[in-house]
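Asker: Below is the structure I would like to discuss, written out as structure tokens.
Just so it is clear, none of the values below were taken in a lab; they were calculated from the coordinates. Predicted, not measured: the structure shown is a model, and the values here were computed from it. Cβ atoms come from the backbone with ideal geometry, glycine included; neighbour counts cover every protein chain shown.
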Amino acid sequence: MVEILDAPEEQTLTTPDEAIAALKTQFPGITDDPRDGHEALMVDSADLLSVAAALKNDLGFEYLSSVTGVDLIKDDKLEVVYHVYSIEAGGGPVTLKVQVPRDDSASVPSLTPMWRGADFQEREAWDLYGIKFDGHPDLRRILMWEEFVGHPMRKDWKEAFYEEDHKPFGSRWPGGDVVRMEELNPFGKNVRYPDGWTPTGNEYDVETNMYGMIQKASDEIPGLKTDKVTVNIGPQHPSTHGVFRMVVTLDGETVVALKPVMGYLHRNHEKIGERNTFIQNIPYTDRLDYLSSMCNNHSYVMAIEKLLGTPVPERAEWIRILMAELTRIVNHAWALGFFINDIGALQTPMLMLYIERELVLDFFEAVSGARMMCNYMRFGGVAYDLPEHVRGQEIYSFLDTLVNERIPAGMDDFLALIDKNEIANARMRGVGILSREDAINTSMAGPMLRASGVNYDVRRAEPYSYYDQLDFDIPVYSEGDLWARYKVRIDEIYESLKICRQVLGYLKATKGAPYQPEGKQQYNIRAPKAGDVYSRAENPKGELGFYCKVNAKATNLDRYHIRAPSFINLTTLEQMSIGHKVADLVAVLGSIDIVLGEVDR
Amino acid sequence: MTATTRTLESDIAIPDDVKENVFITSVNGIYNWARSNSMWPMVFGLACCAIEMICTASSRYDLARFGMEVFRATPRQSDLMIVSGTVTKKMVPTIVRLYNQMPEPRYVLSMGACANGGGPFKEGYAVVDGIDKFLPVDVYVPGCPPTPQALIFGLMTLQEKIRAQSITSVPWYQKDGELTGIVPIPVLGPDLVDLRQVDVIKDEANKTKLVTTEA
């Protein structure tokens, strides 16, 4: 059922450069970003809606990948950055930037009427930067709670344990007379209250708010005494895949409304990341989507390499691809296991591919020293070359067995159990349908997008590393239901195996070649020049993007934003669940394949 | 056990045919032996560590060997809370409520750097720097994340702790003894508020007021 999508006949596709030129002719108010190294179109906030409409409707740039805020404290301005891509044409983005004054009046027109994918991202920018989006249907805080004071990502907002603007802190190095702010905190905790504030007893109480939402509404059918009931699922619930919460309104057992609540694992990656040196962020990226740390590493180091202009030796690229594809296999193996778990086959299918995952983790441990949090890639290469042995076996023979025998055999077992299973098919087919248009409009990414018939994969659309030299297919299914997502993941495992087999050949051929840049490794790198970059990679969950902005000669990032696929993919949860039963809601959530570390960041 | 080699020196008349099948132990011994080998943890994953917790329960590491594979989805049936991951300010009221809902005897195992003390995210504005600021922790397992072996070691350490407890002195059987008690559920104001610290917060508020009026 893999659809071969023919290239549209005779239709000339607009490249990003052509689109930029067209926009400039149509809107004379648009200028280039005047700052050194920054590439974008500066749009006046009054023009934003019409520029976006022209970009989307006339030029075919219909995929809004990322929306984020930036605090330009020196210019006393706030900025919103949009990255828009063309699905058909592939290639790079058209970047739009809107600047507004940095005060309470900061407001930008919301793009949600045009792209529903902007919904959560605009709420995040409001929550963390205090940028209002006019016309947003539901502009509430998304990661913090409503009573929280201030917008924490603003540069002048300091945490309770704040020490300095960038690391390494002066008290730790080079002096070494360690003073930790946490020891000076009067409360002994990571908290700080506004001056003169005392508790009144009327603070935001989770319980009251949680149960306050539970309301009964009488049904309109006369003669029948039925109520709609609002039920709270999570944040501690086995089927929410972590600390995710859904407030669901039910008519009988049918879902009629759903509100996702997140932020229970908001770990401030971005705020901490703007203080860290470039290299200190690599282990933090491990902890974003903690099932695919190698892929996160890859995406982040690519962003910084673009900023710094670091070349990568050939062997390092092959090692990176091998790691990324093995990560994709284990991620999908777990995603499928959990998903089948969610539709009722408790634990057995999950454990079927468990030992193969453990073998891959053993390999990761042998290579990097850690099973899950590998912290393996570096700017311009990887931290270590492949070891000689894994589990006492010669490395290439171990990998050959793994890729050619163990994983395919595990997959055969798995498919024999599930693929033709009547219950699994009944639960998967026709449930949670997402149309092609909706998938693009809501900025879905990864398997979610490809299961809705969109042939889009960053590895093809905007090839990075050596993916353009490899032979693999992009599985696309047009059904848009749970079954299609399941099939996309199954097929992607086989495609990843195909890539691994090719890469193994290259790795054997480049034995002993350099895997890092020549010379002494630099740990405290200074950016040679100012600039910003948006770099993305196809993660197992979808498109993981890093928006990085740096000042000249800086050792840390001025803006570090993570475009998290799990987070944005949740936009359609309500739409896909409405009309289905509660049990299907759990299955729909399982099919999205979220990891809360990435949803909340 | 070595029961077969020992004969009973007792006034109680024991029939010959059951003599070989009787074990004598202390109440503490049998009570703690039973408890320590059937610790039921709560299904409670917070972050990355939860993945390693799942691995620990799965086939390769097999927590069932220790009688601990029965993960319960409700706190009412759980003996052990494994705090597996970063505790955020938004999450901590729920965690404390779950702890309060667990029946005595209950234990808390803090898994990983974040739960132990905030870990790499300690400086963050939304992160609690260690679950022990709110709950009494029995065992800390270091690591980021701890390997399944490390978690198993932590659980065995907890078993040791349980075996050393005495039924006559454990707080939950004391008539007038101090219970390990209910922890007041923190509330979310402008920042996280620990209700046990209201006086400290008021003192600090007065100090800042003084500073602002002086200035």
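Asker: Using helices alone, I'd like the mean residue ellipticity at 222 nm for the protein assembly as shown: each DSSP H run of four-plus residues gives -39500 (n - 2.57), total over residue count, nearest 500. Working shown, then result.
Answerer: On the way: 29 runs with 283 residues, N = 816.
Computed ellipticity for the protein assembly as shown at 222 nm equals -10000 deg cm²/dmol.
Asker: Another question, then. Go through B:LEU188, B:PRO103, A:GLY380 and say which Cα lies farthest out towards the positive end of the charge dipole of the protein assembly as shown; charges sit on Cβ, +1 for Lys and Arg, -1 for Asp and Glu.
Answerer: Among B:LEU188, B:PRO103, A:GLY380, the one farthest towards the positive end of the dipole of the protein assembly as shown is B:PRO103.
Asker: Given Cβ point charges of +1 (Lys, Arg) and -1 (Asp, Glu) and nothing else, what value in debye, to the nearest 20, does the dipole of chain A about its Cα centre take?
Answerer: My answer is approximately 1240 debye.
Asker: Hey, got a sec? Which GluC sites (Glu not before Pro) in segment A:119-174 land in a DSSP loop and have at most 10 other Cβ atoms within 10 Å?
Answerer: On the way: sites: A:GLU122, A:GLU124, A:GLU146, A:GLU147, A:GLU159, A:GLU163, A:GLU164; in loops: A:GLU146, A:GLU147, A:GLU159, A:GLU163, A:GLU164.
The qualifying sites are A:GLU146.
Asker: Using amide H atoms built in the peptide plane, which far-off residues or other-chain residues are under 5 Å from B:LEU80 H to H?
Answerer: For B:LEU80, whose amide H was placed from the backbone, the distant partners under 5 Å are B:TRP40, B:MET42, B:TYR107.
Asker: How big is the gap, in Å, between the Cα center of segment A:44-68 and the Cα center of segment A:381-409?
Answerer: Taking the Cα centre of each part, segment A:44-68 and segment A:381-409 sit 46 Å apart.
Asker: Quote the FRET efficiency, to the nearest 0.05, computed for A:TRP173 versus A:LEU72 with a Förster distance R0 of 22 Å and r equal to the Cβ-Cβ distance.
Answerer: 0.15
Asker: Work through the residues other than A:SER65 whose Cβ is under 9 Å from its Cβ and net out their charges, Lys, Arg +1 and Asp, Glu -1. If you can, show how the numbers build up before the last one.
Answerer: Numbers: positive: A:ARG536, A:ARG563; negative: A:GLU543.
Net local charge, A:SER65 excluded: +1.
Asker: May I pose another question? Please give the per residue volume of the convex hull enclosing the alpha carbon atoms of segment A:16-134, rounded to a whole number of Å³.
Answerer: In segment A:16-134, the Cα hull volume divided by residue count equals 99 Å³.
Asker: If you take the beta carbon distance between A:ARG141 and B:PHE153 as r and set R0 to 45 Å, what does 1/(1 + (r/R0)^6) give as a FRET efficiency, to the nearest 0.05?
Answerer: Rounded to the nearest 0.05, the efficiency is 0.65.
Asker: Shape verdict for segment B:90-215, please, from the Cα gyration tensor: rounded (a/c under 1.5), prolate (a/b greater than b/c) or oblate. Please list the in-between numbers first.
Answerer: On the way: a/c = 2.78, a/b = 1.49, b/c = 1.86.
Because a/c hits 1.5 or more and a/b fails to exceed b/c, segment B:90-215 counts as oblate.
Asker: I would also like to ask the following. Enumerate the aspartates and glutamates that B:LYS207 could reach by cross-link, defined here as Cα to Cα under 14 Å, with residues fewer than 8 away along the same chain left out.
Answerer: Counting by Cα, and skipping residues close in sequence, B:LYS207 has these aspartates and glutamates nearby: A:ASP195, B:ASP199.
Asker: Report the net charge of residues surrounding A:TRP115, where surrounding means a beta-carbon distance below 9 angstrom and charges are Lys +1, Arg +1, Asp -1, Glu -1. Mind showing how you got there, number by number?
Answerer: Details: positive: A:LYS56, A:ARG116; negative: A:GLU62, A:ASP119.
Neighbourhood net charge equals 0.
Asker: For segment A:334-462, take every pair of Cα atoms, bin their distances at 10 Å starting from 0, and report each bin as a whole percent.
Answerer: 10, 26, 32, 25, 7, 0
Asker: What spacing in nm lies between the two simple spin-label points modelled at B:GLN174 and A:THR254, each 7 Å away from Cα in the Cβ direction?
Answerer: In this crude label model, B:GLN174 to A:THR254 measures out at 5.8 nm.
Asker: Aspartates and glutamates within cross-link reach of B:LYS19: Cα-Cα under 16 Å, excluding same-chain residues under 8 positions apart?
Answerer: B:GLU9, B:ASP11
Asker: State which entries of A:LYS97/A:LYS167; A:LYS132/A:LYS155; A:LYS259/A:LYS487 exceed 24 angstrom in Cα-Cα distance in the structure shown.
Answerer: Distance filter (> 24 Å) returns A:LYS97/A:LYS167; A:LYS259/A:LYS487.
Asker: Rounded, prolate or oblate, given the Cα gyration tensor of segment A:509-575, with a/c below 1.5 counting as rounded?
Answerer: oblate
Asker: Given the Cα-Cα distance of A:LEU415 and A:LYS155 and 0.36 nm per residue of separation, how much length would full extension add, in nm?
Answerer: Result: 88.5 nm gained on full extension.
Asker: Rounded to the nearest 20 debye, what is the charge dipole size of segment B:34-173 about its Cα centre when +1 sits on each Lys and Arg Cβ and -1 on each Asp and Glu Cβ?
Answerer: Magnitude of the dipole: close to 240 debye.
Asker: So how much slack lies between A:PHE27 and A:ASP362, counting 0.36 nm per residue of separation and subtracting their Cα-Cα distance, in nm?
Answerer: 115.0 nm
Asker: How big is the shadow of the Cα convex hull of segment A:80-161, averaged over all directions, in nm²?
Answerer: 6.8
Asker: With a sphere of radius 10 Å drawn around the Cβ of A:PRO565, what net charge do the other residues whose Cβ falls strictly inside it have (Lys, Arg +1; Asp, Glu -1)?
Answerer: Numbers: positive: A:ARG536, A:LYS541, A:ARG563; negative: A:ASP289, A:GLU538, A:GLU543, A:ASP593, A:GLU598.
It works out to a net charge of -2.
Asker: Here is a follow-up. Taking the Cα of A:TYR384, stepping 7 Å toward and past its beta carbon, and measuring to each backbone N in segment A:285-327: which are under 17 Å?
Answerer: A:294, A:316, A:319-320, A:323
Asker: Here is a follow-up. Relative contact order, percent, of chain A when contacts are C-alpha pairs under 8 Å separated by at least 6 residues?
Answerer: On the way: 1121 pairs, mean separation 99.1, N = 601.
The value is 16 percent.
Asker: Which of rounded, prolate or oblate describes segment B:34-173 when judged by the alpha-carbon gyration tensor and an a/c cut-off of 1.5? Let's see the in-between values first.
Answerer: On the way: a/c = 1.68, a/b = 1.25, b/c = 1.35.
Cα axes put segment B:34-173 in the oblate bin.
Asker: Taking the alpha-carbon set of chain A, what are its Rg and Dmax in Å?
Answerer: Final numbers for Rg and Dmax: 24.4, 83 Å.
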